[in-house]
Amino acid sequence: MGKIKNISGNEKKPNTHNCQTWIEYWEKQSGRKPPTFCIISTPDCLEKASVGALVQKVNVTDGKWYVAPLCQTHSKHYNAEFIVYNTWPLVEINTIETSIENISEVEIISDLI
Ligand SMILES: [Zn+2]
């Protein structure tokens, strides 16, 4: 199990790899179909993983941003920490390919909530 912190939902679209949504970005980068259920394991979430949420790893000081397949409900719990299954990869956001402006806008939005 890994621990993640939800930075934001998917208000901002990725502007890379011709993806319209973050879940699509996750799918292309991981080369997998999104999981049926949200990857949050504690408590086990049985809602559909329909959103690519922007997260950071807790207890890992890499400062990197990742995309995690979460359900609609959990994706809206900003700044919340969750335990997730390790079965599904967290897809790292490539900040060189993905506009830095886009990332900072997401940060501002999460501060307001
Ligand atoms: Zn969930």
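Can you give me the Kirkwood hydrodynamic radius for the range 27-78, using every pair of distinct Cα atoms, in Å to one decimal? Before the final figure, lay out the partial values.
Values: mean 1/r = 0.0857 Å⁻¹.
This gives a value of 11.7 Å.
Using the Cβ of P35 as centre and a radius below 13 Å, the other residues enclosed give a net charge of 0, where K and R count +1 and D and E count -1.
You can think of it this way: the chain between K64 and K76 has 2.3 nm of extra reach, that is 0.36 nm per residue less the Cα-Cα gap.
Over all other residues within a Cβ to Cβ distance under 14 Å of K57, the charged ones net out to 0, with Lys and Arg as +1 and Asp and Glu as -1.
Rule-based calculations on the coordinates, nothing more; no lab input. Keep in mind that this is a model prediction, so the values were computed, not measured. Here Cβ is always computed from backbone atoms with ideal geometry, including for glycine, and neighbour counts include all displayed protein chains.
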